[in-house]
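The values are calculated or read from the model by the stated rules, or taken from the named source; none is laboratory data. From a predicted model like this one, the values you see are computed outputs, not experimental measurements. FYI the Cβ positions are ideal-geometry reconstructions off the backbone, even for glycines, and counts take in every protein chain you see. With ligands, DNA and RNA removed, areas are computed over all heavy atoms of the protein, side chains included. Shrake-Rupley method; radii C 1.70, N 1.55, O 1.52, S 1.80 Å.
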Amino acid sequence: MNTTQPYAGKLAVLYEGHGDDLASQQLAATLAVPFYQTVSPDTQEAFFLSWREGALKLIDRELLKKGGLAVDIEPRNGEQRSWPAPKQGALAQAIGRKTLTVVDATTGWGQDSLAIFRMGYEVQCIERSPVMAALLADGFNRLAQQNWLQNLQLQPPKLLAGNAIALLGALASRPDCIYLDPMFPPKRKKSALAKKSMRVLRDLLGDDDDKEQLFAAALNTARKRVVVKSPDYAPPLGGKPDVSFQGKLLRYDVYLLAE
Ligand SMILES: C[S@@+](CC[C@H](N)C(=O)[O-])C[C@H]1O[C@@H](n2cnc3c(N)ncnc32)[C@H](O)[C@@H]1O
């Protein structure tokens, strides 16, 4: 990846008449990507950011006519709609009942962060991709406007944009738990099983090749535990975990720390 212009030739901001065109132009300038009002067959970029239906969306060419992917702030299928949602299932077991504060150092689409937040943990999010950080900021703004959140006087998770390897050591206070879900290479080249949102993320960002450094930084910072979500075919990132919880086609490996 070109580190000075990571999205060169790949991504543009598209203004389709929704929302503020100045905000779209600013987003294009911040991300150092082109700003378009239409897409022609000659347009080389494969991904577009655009405000559609009240949300910032990442759109690939397949979804250009309609659709696009935004940070989904709704509870997942089967999740209880009360707050805090019950601490049930493999993710909750991995995070731990006695945990109060969690840093999600690989926030991505924010789906794990938001599930952890809805279970009543105090969550801080870190994301290094400026595109994902922009999508998350939009999602968390939408979340802040939800009635249930306002009625409970809750704030959405705090978002830090940058590399967690550097940011973890600079946190104001050490969290009980650091949660990691870096991108692992797929088992097969074209993984039909991967969700569309994760395939788009991989196409746009590639794999996270510095997972070991991130794990080391997490181990140095967390007070009680580091949780690594990994596909079931991948070896544990930090060697043998203290305990593992099995999810569907994935595992949560838990590394406990002596306080
Ligand atoms: C597989 S996705 C995470 C998906 C997320 N758990 C969810 O529920 O949507 C991995 C994300 O972690 C981010 N990431 C990987 N290494 C990072 C690091 N060192 N610092 C910050 N973000 C990182 C990537 O940019 C990517 O967006």
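When the criteria are applied in full, LYS66 meets the requirement of being open to solvent by 60 Å² or more (accessible area, probe 1.4 Å), farther than 30 Å from ASN151 by Cα and of a type in the set (Lys, Arg). Among the residues of segment 100-158, those that are among the polar types (S, T, N, Q) and under 16 Å from the mean Cα position of the chain (by Cα) comprise THR106, THR107, GLN111, SER113, GLN124, SER129, ASN141. Residue count for segment 200-227 satisfying the condition of being touching a residue at least 12 places away in the same chain (Cβ under 8 Å) and within 30 Å of GLY68 (Cβ to Cβ): 12. Does segment 17-59 hold any residues that are touching an Asp or Glu at 6+ places or on another chain (Cβ under 6 Å) and of a type in the set (Phe, Trp, Tyr), and which are they? Listed by number, the list holds a single entry, PHE47. Can you tell me which residue is nearest to the ligand (Cβ to nearest atom) among those in segment 198-233 that are open to solvent by less than 20 Å² (accessible area, probe 1.4 Å) and either of a type in the set (Ser, Thr, Tyr) or under 24 Å from ILE59 (Cα atoms) (or both)? Top of the filtered list is LEU201. So, in segment 180-197, how many residues would count as being away from the ligand (no atom under 11 Å from the Cβ) and either at pLDDT 95 or above or not hydroxyl-bearing (Ser, Thr, Tyr) (or both)? So the answer is 9.
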